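S.K.: One structure follows; several queries about it will come next.
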Amino acid sequence: MATEAHGSESSLVFHPMDQFKVTPLFGDGPVHWYTITNVTLWMAIAVVGVILLLVVGSRGRAVVPSKGQSIAELTYGFVYKMLEEVTGKDAVKYFPYVMTLFIFIVFSNMLGLLPLSFTTTSHIAVTGVLAVLVFLFVTVLGFVKNGSKFLALFWVSSAPMAVRPLLAVIELISYFVRPVSHSIRLAGNMMAGHAVIKVFAGFAAIAAISPVSILAITAMYGLEILVAFIQAYVFTILTCVYLKDALHPVH
Amino acid sequence: MATQTHGAEVVDAAHGAAEAGMPQLDFATFPNQIFWLLVTLVVIYFVLSKIALPRISAVLAERSGTIMNDIAAAEELKLKAKEAEEAYNAALAEAKAQAQQIANETRAAIQADLDAATAKADAEISAKAAESAKAIDEIRAGAMDSVKEVAKETAKELVAALGTTADARSVTAAVTARMKG
């Protein structure tokens with residue numbers, strides 16, 4: 001408020017990160033683990049969106065599909081094919097897990113692009129949990145399916161014997177870095193795009209720059225729609241790749 | 001208890017840092033986000049695995065089945081159509097042959113009838129002609145006799161008119177000789 005009183009030049013206030021604040025939906029108290037916050041709201045909206053697309057959309061069960069059913073079937077086919085081609089035929093029993101991840105991320109990303117919305121996937125807490133869940137699931141599955149043979153993933157048998165221990169260390173480190181890169185990639189992409197749009201929006205306060213600012217926001221918005229989808233795709237396909245390592249740990 | 005208060009202090013410090021920079025690093029909001037994320041994931045997982053995915057996969061399976069059946073049915077119908085066409089062609093050829101045969105038979109029958117009728121007519125005509133010739137001959141013979149008679153009578157009368165009498169026999173002989181001549 002104080003800065004705004006100074007005149008037109010100093011009215012340039014950038015709060016690009018305010019959109020990521022987690023706030024209680026009702027009242028203004030502290031954020032406990034059970035508090036209903038904007039996170040709760042936008043995740044609930046994502047759940048409603050998923051139900052609208054995949055349950056309400058497919059309610060007709062028509063052989064000749066309606067528009068909604070077509071989109072539901074396309075989404076299903078997209079993820080199913082990805083899993084089948086990347087991981088293999090024997091992985092289709094994990095399809096519900098992969099589909100849950102993809103549909104949640106794609107809905108959160110897209111809903112985050114709505115004006116005044118909150119992007120749940122821009123938070124490292126959310127993407128971190130998603131990545132750790134994948135990491136734990138894949139690691140446990142790898143050991144359950146293959147036993148100690150799963151460790152062959154770190155033992156590059158095609159390399160000369162002398163460098164194998166060194167490669168094993170590198171492989172081990174890269175394996176444990178997976179959840180970090182997996183989660184930061186998604187959260188970073190989401191956060192950066194939204195923050196850049198917010199910064200451009202801040203420049204719109206200057207009348208002379210505002211047309212450029214609006215153009216830039218429009219261009220960024222288009223790019224962000226692309227990024228929102230691609231990041232969901234990347235997260236899912238990496239999950240498929242990790243699953244493949246767990247099921248067939250041959251290096 | 002001690003650790004808890006310590007944790008709260010850390011959280012407060014983080015909260016202060018987040019106020020200045022990134023709300024993403026405000027660890028005080030992590031339990032909240034993680035809790036609601038897990039709730040969301042579980043809800044989506046159950047909705048997908050219990051309702052949406054089985055339904056969509058059933059629809060897709062049904063569709064591919066329907067398409068397979070339709071293609072098979074189309075193949076069958078195509079075969080049937082081909083058979084029908086062949087049968088039609090065969091029937092057409094047979095009908096043509098039959099028509100040809102019937103036409104030939106009819107033509108032959110008509111020809112036979114015609115021949116018979118012609119022969120009969122010819123026979124009748126020749127019979128009639130023979131009869132007529134006979135009748136003409138008879139008439140001619142009759143006429144000759146009458147002429148002979150008339151000539152005899154006339155000759156007799158002529159002779160009588162000339163004032164002489166002639167016996168009948170010589171007149172007849174004379175007339176006959178004349179007529180022959």
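S.K.: Taking the stretch A:80-104 on its own, how many of its residues are closer than 30 Å to A:W42 by Cα, among the β-branched types (V, I, T) and more than 17 Å from the chain's Cα centre (by Cα)?
M.R.: The number of residues fulfilling the criteria is 1.
S.K.: To continue, here is another question. Regarding the stretch A:140-158, can at least one residue be identified that is of a type in the set (A, V, I, L, M) and assigned to a loop (DSSP other than H, G, I, E, B)? Before you say what the answer is, go through the steps one by one.
M.R.: We begin by selecting, within the stretch A:140-158, every residue of a type in the set (A, V, I, L, M); these are A:140-141, A:144, A:151-153, A:156.
From the residues that got through so far, the ones that are assigned to a loop (DSSP other than H, G, I, E, B) too are A:156.
For the stretch A:140-158, residues of a type in the set (A, V, I, L, M) and assigned to a loop (DSSP other than H, G, I, E, B): present.
S.K.: Among the residues of the stretch B:22-70, what is the count of those that are acidic (D, E) and either surrounded by fewer than 18 Cβ atoms within 10 Å (Cβ to Cβ) or in a helix (DSSP H, G or I) (or both)? Working first, answer last.
M.R.: Taking the stretch B:22-70 first, the residues acidic (D, E) are B:26, B:62, B:70.
Right, trim to either surrounded by fewer than 18 Cβ atoms within 10 Å (Cβ to Cβ) or in a helix (DSSP H, G or I) (or both) and you get B:62, B:70.
Looking only at that region, the number is 2.
S.K.: Give the residues of the stretch A:27-40 that are within 7 Å of chain B (Cβ to nearest Cβ), of a type outside the set (S, T, Y) and assigned to a helix (DSSP H, G or I), sorted by residue number.
M.R.: Correct list: A:V39 only.
S.K.: Give me the pairs: first residue in the stretch A:156-185 and in contact (Cβ under 8 Å) with a residue 40 or more places away in the chain, second residue among the hydroxyl-bearing types (S, T, Y), beta-carbon distance under 9 Å, and six or more apart or on different chains, which are they?
M.R.: From the stretch A:156-185, the pairs are A:R178/A:Y242; A:H182/A:T127; A:H182/A:T239; A:H182/A:Y242; A:S183/A:T127; A:I184/A:T127; A:R185/A:T127.
S.K.: Going by the structure shown, is A:V134 outside any helix (DSSP H, G or I), over 23 Å from B:M22 (Cα atoms), touching a residue at least 40 places away in the same chain (Cβ under 8 Å) and among the β-branched types (V, I, T)? Show your work before the answer.
M.R.: On the way: outside any helix (DSSP H, G or I): no; over 23 Å from B:M22 (Cα atoms): yes; touching a residue at least 40 places away in the same chain (Cβ under 8 Å): yes; among the β-branched types (V, I, T): yes.
So A:V134 fails the test.
S.K.: Based on this model, can you work out whether A:V92 counts as within 14 Å of another protein chain (Cβ to nearest Cβ) and modelled with pLDDT of 95 or more?
M.R.: Values: within 14 Å of another protein chain (Cβ to nearest Cβ): yes; modelled with pLDDT of 95 or more: no.
For A:V92, the condition - within 14 Å of another protein chain (Cβ to nearest Cβ) and modelled with pLDDT of 95 or more - is not met.
Listed here are the residues, each with its yes/no results for (1) facing another protein chain (nearest Cβ under 10 Å); (2) surrounded by 19 or more Cβ atoms within 10 Å (Cβ to Cβ); (3) in contact (Cβ under 8 Å) with a residue 40 or more places away in the chain.
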position	(1), (2), (3)
A:F20	yes, yes, yes
A:T23	yes, no, no
A:W42	yes, yes, yes
A:A46	yes, yes, yes
A:R59	yes, no, no
A:P65	yes, yes, no
A:G68	no, no, no
A:T75	yes, yes, no
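S.K.: Here is a check on your reading of the model: is A:T100 in contact with a helix residue (DSSP H, G or I) (Cβ under 9 Å, 6 or more places away or on another chain), surrounded by 21 or more Cβ atoms within 10 Å (Cβ to Cβ), more than 10 Å from chain B (Cβ to nearest Cβ) and not basic (K, R)? Steps first, answer last, please.
M.R.: Details: in contact with a helix residue (DSSP H, G or I) (Cβ under 9 Å, 6 or more places away or on another chain): yes; surrounded by 21 or more Cβ atoms within 10 Å (Cβ to Cβ): yes; more than 10 Å from chain B (Cβ to nearest Cβ): no; not basic (K, R): yes.
No.
S.K.: Output the residue which, of all residues in the stretch A:111-138 that are among the hydrophobic types (A, V, I, L, M, F, W, C) and in contact with a Pro (Cβ under 8 Å, 6 or more places away or on another chain), is surrounded by the most Cβ atoms within 10 Å (Cβ to Cβ). Working first, answer last.
M.R.: Quick first cut of the stretch A:111-138, residues among the hydrophobic types (A, V, I, L, M, F, W, C) only: A:111, A:113-114, A:116, A:118, A:124-126, A:129-138.
Narrowing further to those that are in contact with a Pro (Cβ under 8 Å, 6 or more places away or on another chain): A:131-132, A:134-135.
Numbers: A:A131: 26, A:V132: 14, A:V134: 23, A:F135: 19.
Out of the qualifying residues, it is A:A131.
The values are calculated or read from the model by the stated rules, or taken from the named source; none is laboratory data. It should be emphasised that the depicted structure is a prediction, and the values quoted were computed from it without experimental measurement. Every residue, glycine as well, gets a Cβ built from its backbone with ideal geometry; the counts of neighbours run over all protein chains shown.
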